[in-house]
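A.B. asks: Next up is a structure, given as structure tokens.
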Amino acid sequence: MMLNGRLCKKANQIRKDLVAIAIQNGAGHIAPSLSCVDILIALYYKIMNVSSCSQWEERDRLVFSKAHGCYGLYSILADKGYIERQDWENFYKGSFLAGCLERRVENGLEASCGSLGHGLPMAVGIAFGAKLQNKTYRVYCIVGDGEMQEGSNWEAIQFAVKHKLSNLTVIIDHNTLQAMDFLKNVLTVEEGRNDLQRKMKAFGFEVKTCNGHNIKSIISIIEKWIKNQKNLSAPQSLIANTTKGYGLKCMENVPKFHFRIPTEDELKMGNRYE
């Protein structure tokens with residue numbers, strides 16, 4: 001099976017796993033977890049330089065800022081052996097894995113990010129530290145599009161551009177929903193999906209957009225940045241257009257499912273991962 005086929009199969013496995021465990025354990029943030037699975041698959045199974053040792057000094061770092069949507073990350077870290085399977089299966093019911101992730105580098109969790117708007121500033125600090133120490137590892141940060149309304153993010157973005165942190169890639173999970181409503185009904189000034197693209201470019205980032213459920217496209221864009229890093233003088237932002245709840249047909253693009261477990265009848269509407 002070719003690489004893209006293997007990764008798509010892995011993404012479906014992770015979706016099935018996270019939905020089953022979340023429903024079994026009564027954990028409600030399924031929809032925001034599903035939208036970023038393909039992004040995480042691209043990072044952990046192809047892009048990021050990691051090893052079997054979660055604390056390898058030269059590893060690439062991922063700061064998962066939209067921490068309420070961490071179920072897919074937990075499933076992947078369990079799949080890669082950073083988290084014991086039993087701890088993942090007991091998530092939300094007594095294991096150390098919390099509803100919003102908490103820092104445990106020994107388990108592949110680089111930063112505590114329960115409060116939105118904190119992860120990107122931390123990622124910028126890690127990337128800046130790497131640059132000061134002439135380290136070659138890269139830093140990735142996954143943020144939610146609603147989270148990008150936080151002022152702390154824009155202060156961090158200015159710092160990243162000022163210090164030419166070309167070792168930093170920010171991936172925006174652009175599912176157009178924040179909590180219980182659409183961005184356009186809350187604070188986004190225009191309905192189109194190019195609002196964040198225009199802002200990130202204006203602040204000085206190298207910006208690309210893609211289908212956030214197309215693993216091949218995600219890999220292609222980020223790997224080009226990695227290969228060209230010596231010629232880049234700015235951090236990068238990939239705006240990944242996604243669907244909240246992707247994989248469960250009852251949840252897709254439905255605001256009420258931000259923190260809600262589907263009923264048996266809703267699950268009968270079908271899914272995209274079997």
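A.B. asks: Across every pair of different alpha-carbon atoms, what Kirkwood hydrodynamic radius in Å does the chain reach? Each step should come with its number before you reach the end.
C.D. replies: Working: mean 1/r = 0.0537 Å⁻¹.
One over the average 1/r among Cα pairs gives 18.6 Å for the chain.
A.B. asks: Only Cα pairs within less than 10 Å get springs; with that Gaussian network setup on the chain, which residue of Gly26, Gly144, Gly99 has the largest fluctuation?
C.D. replies: In the Gaussian network model the winner is Gly26.
A.B. asks: Roughly how many debye, to the nearest 20, is the charge dipole of segment 32-159 about its Cα centre, given +1 on each Lys and Arg Cβ, -1 on each Asp and Glu Cβ, and no other charges?
C.D. replies: On the way: 12 positive and 15 negative charges, 49 e Å.
In total the dipole reaches around 240 debye.
A.B. asks: Quote the charge dipole size of segment 41-243 about the Cα centre in Debye, to the nearest 20; the model charges only the Cβ of Lys and Arg (+1) and of Asp and Glu (-1).
C.D. replies: Charge dipole, segment 41-243, about its Cα centre: 780 debye, nearest 20.
A.B. asks: Taking only Cα atoms and a 10 Å spring cutoff, compute GNM fluctuations for the chain and point out the largest among Leu177, Leu232, Leu77.
C.D. replies: Greatest mean-square fluctuation among the candidates belongs to Leu232.
A.B. asks: Okay, next question. Excluding Ser95 itself, what net charge comes from residues whose Cβ is under 13 Å from its Cβ, given Lys and Arg +1 and Asp and Glu -1?
C.D. replies: Numbers: positive: Arg85, Lys93, Arg104; negative: Glu84, Asp87, Glu89, Glu102.
With Lys, Arg at +1 and Asp, Glu at -1, the net is -1.
A.B. asks: Still on this structure: Determine the distance separating the Cα centre of segment 181-248 from the Cα centre of segment 75-94; give it in Å without decimals.
C.D. replies: 29
A.B. asks: Something else now. As an exercise, use a Förster radius of 25 Å and the Cβ-Cβ distance of Glu223 and Lys184 to find the FRET efficiency, rounded to the nearest 0.05.
C.D. replies: 0.15
A.B. asks: Also, quick follow-up: Can you give the relative contact order of the chain as a percent, counting alpha carbon pairs under 8 Å and 6+ residues apart? Show your work: numbers first, answer last.
C.D. replies: On the way: 516 pairs, mean separation 62.6, N = 274.
Normalised by residue count, the contact order of the chain is 23 percent.
A.B. asks: Another question, then. Between Ser52 and Asn253, what FRET efficiency comes out of the Förster formula 1/(1 + (r/R0)^6) with R0 = 30 Å and r the beta carbon distance, rounded to 0.05? Spell out each step's value before the answer.
C.D. replies: Values: r = 38 Å, r/R0 = 1.26.
Given R0 = 30 Å and the Cβ-Cβ separation, E is 0.20.
A.B. asks: Follow-up. Between Thr263 and Gln133, what is the label-to-label distance in nm when each label sits 7 Å out along the Cα-to-Cβ direction?
C.D. replies: With each label point 7 Å from Cα toward Cβ, the separation is 5.3 nm.
A.B. asks: Exposure proxy check: Asp60, Asp145 ranked by fewest other beta carbons within 10 Å? Don't skip to the answer; put the middle values down first.
C.D. replies: Numbers: Asp60 21, Asp145 25.
Fewest-to-most Cβ neighbours within 10 Å comes out as Asp60, Asp145.
A.B. asks: With springs only between Cα atoms under 10 Å, which of His163, His118, His213 fluctuates most in a Gaussian network model of the chain?
C.D. replies: Of His163, His118, His213, the Gaussian network model singles out His163 as fluctuating most.
Read-outs throughout are calculated quantities, based only on the coordinates presented, and are distinct from any laboratory measurement. Quick caveat, the model's predicted, so the values are computed rather than measured. Note that we place each Cβ from the backbone using ideal geometry, even for glycine, and neighbour counts take in every protein chain shown.
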